[in-house]
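> Sending over a structure as structure tokens; questions will come in a sec.
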Amino acid sequence: MKKKTKLENLKKKKLSFIRTDAHKKKKLKIKWRRPRGIQNKRRLRKRGYLIVVKKGYRTRKQTRGLIRDELKLVMINNISELESIDKNSELIVISSNVGNKKRLEILEQTKKQELNVVNFDVDTKIKQIKELMDKKKKEKEEIKKKKEKKVKQEKKKTIEESVKKEEKEAPEEERDKEKKEFDKLLTKKS
């Protein structure tokens with residue numbers, strides 16, 4: 001048989017407090033709700049009924065907040081917090097508020113330092129984030145190319161429009177010149 005450690009001996013069985021009749025009715029969730037009925041046997045603490053949450057059921061201070069083999073959970077928000085982590089007594093949980101770029105850096109650093117991450121499988125998550133970043137990069141490049149094409153087309157259109165305007169203005173200028181010459185002829189006395 002496996003020998004129990006001191007902390008395992010200190011840990012008593014964790015009690016599960018479930019809602020009244022949650023095991024009988026499917027619509028009731030297991031999450032704890034205090035019984036409030038006038039004749040509710042749990043509220044009255046009758047013998048033979050499930051226990052109600054009270055002060056004495058809290059876990060001991062030595063074992064409180066520990067997971068697995070006597071390891072503490074530590075929430076990480078940035079790379080600088082990784083420096084203060086003890087590999088033998090702490091587990092890492094990467095915060096959900098951290099973005100993919102920073103998460104990738106944190107995961108790579110934990111892989112180098114060989115630290116344990118609880119909420120991710122390090123290798124698969126790194127691969128997943130890199131694929132996602134590559135995909136976004138390609139999409140941005142495509143959008144940039146489309147914008148460049150649009151700009152080129154607009155320039156061509158503006159050039160063509162300006163050429164057409166000049167062509168329209170050219171006959172008007174010729175008319176003006178002819179008119180001036182005609183006026184000169186009329187004003188001259190022969």
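> Within region 87-96, track down each residue that is among the small types (Gly, Ala, Ser) and either within 20 Å of the chain's Cα centre (by Cα) or modelled with pLDDT of 90 or more (or both).
Ser95, Ser96 - these are the residues of region 87-96 that are among the small types (Gly, Ala, Ser) and either within 20 Å of the chain's Cα centre (by Cα) or modelled with pLDDT of 90 or more (or both).
> Can you name the residue in region 1-45 that is out of contact with any Asp or Glu (no Cβ under 8 Å at 6 or more places or on another chain) and among the aliphatic types (A, V, I, L, M) and, of all such residues, is modelled with the lowest pLDDT?
Ranking the qualifying residues of region 1-45, first place goes to Met1.
Condition check ((1) closer than 30 Å to Leu66 by Cα; (2) without any contact (Cβ under 8 Å) to a residue 12 or more places away in the chain; (3) assigned to a helix (DSSP H, G or I); (4) not small (Gly, Ala, Ser)) across all residues:
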position	(1), (2), (3), (4)
Asn97	yes, no, no, yes
Gln109	yes, no, yes, yes
Ile126	yes, no, yes, yes
Glu148	no, yes, yes, yes
Lys152	no, yes, yes, yes
Glu161	no, yes, yes, yes
Lys164	no, yes, yes, yes
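> Let me ask something additional. Quick check: is even one residue across region 91-98 under 30 Å from Thr20 (Cβ atoms), exposed (fewer than 11 other Cβ atoms within 10 Å of the Cβ) and of a type in the set (S, T, N, Q)?
Checked against the condition, which is being under 30 Å from Thr20 (Cβ atoms), exposed (fewer than 11 other Cβ atoms within 10 Å of the Cβ) and of a type in the set (S, T, N, Q), region 91-98 yields no hits at all.
> When the residues of region 66-86 are filtered to those that are farther than 16 Å from Asn119 by Cα and surrounded by fewer than 14 Cβ atoms within 10 Å (Cβ to Cβ), which remaining residue is farthest from the chain's Cα centre (by Cα)?
Selected residue: Asp69.
> Separate question: Restricting attention to region 110-159, which residues are within 18 Å of the chain's Cα centre (by Cα) and among the basic types (Lys, Arg)?
Lys125, Lys127, Lys130, Lys135, Lys136, Lys137
> Turning to a different aspect of this structure: State all residues of region 22-61 that are in contact with a Leu (Cβ under 7 Å, 6 or more places away or on another chain), assigned to a loop (DSSP other than H, G, I, E, B) and surrounded by 12 or more Cβ atoms within 10 Å (Cβ to Cβ); if no residue qualifies, say none.
Within region 22-61, Ala22, Arg42 qualify.
The values are calculated or read from the model by the stated rules, or taken from the named source; none is laboratory data. Given the structure is predicted, the values throughout are model-derived calculations rather than measurements. Note that we place each Cβ from the backbone using ideal geometry, even for glycine, and neighbour counts take in every protein chain shown.
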